[in-house]
Amino acid sequence: MNIGRAIKLCRNQKGFTKTKLAENSGLSVSYLTLLEQGKRDPNLSTLEKICLALQIPSTVLMFLAADADEKAGMSTELSEKLSALALSAIGGNDE
């Protein structure tokens, strides 16, 4: 599972800078950087703050964070389509 990659994907899809995500989530830019680089593992309350700030369901973030071996039994094609659909659904900045 690569939570940092998923956070970065969702942040970029929403058009948020790290500064904007930090402001919206109450986390520091340096901590978000460490998360995105995979140097820190967030706890559940931190993930909830990030998901609320990005206005995305935590299940979407977790799906996007899952590695191929964690999607065992799901075809690569289906996984890619679901990932693309999820990113499309969270879309750009709604503000």
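Each value in this text was obtained by applying a stated rule to the coordinates, not by laboratory testing. No experiment lies behind these values; they were computed from the predicted model shown. When we count neighbours, we look across all protein chains shown, and the Cβ atoms used for this are built from the backbone with ideal geometry, even at glycine.
Miscellaneous remarks
- Whichever lysines have a C-alpha closer than 18 Å to that of Lys18, once near sequence neighbours (fewer than 8 apart) are set aside: Lys8, Lys39, Lys49
- Dipole of the chain computed with +1 at Lys/Arg Cβ and -1 at Asp/Glu Cβ about the Cα centre; of Ser30, Leu44, Gly15, farthest Cα towards the positive end is Ser30.
- Alpha-carbon Debye profile of the chain, log10 I(q)/I(0) at 0.16, 0.19 Å⁻¹: -0.62, -0.86
- Net charge dipole, the chain: roughly 280 debye, given to the nearest 20, about the Cα centre with Cβ charges of +1 for Lys and Arg and -1 for Asp and Glu.
- For the residues Glu36, Glu48, Glu70, a GNM of the chain with alpha-carbon springs under 10 Å puts the largest fluctuation on Glu70.
- Each residue of region 15-27 was assigned a 3J(HN,Hα) from its phi angle through the Karplus expression (A = 6.51, B = -1.76, C = 1.60, θ = phi - 60°), giving x, 8, 7, 4, 4, 5, 5, 4, 4, 6, 9, x, 9 Hz with x at Gly and Pro.
- Choice from Asn12, Asn24, Asn43 with maximal GNM fluctuation in the chain (Cα, 10 Å cutoff): Asn43
- Once the C-beta distance of Ala72 and Thr17 is scaled by a Förster radius of 35 Å, the resulting FRET efficiency is 0.50 to the nearest 0.05.
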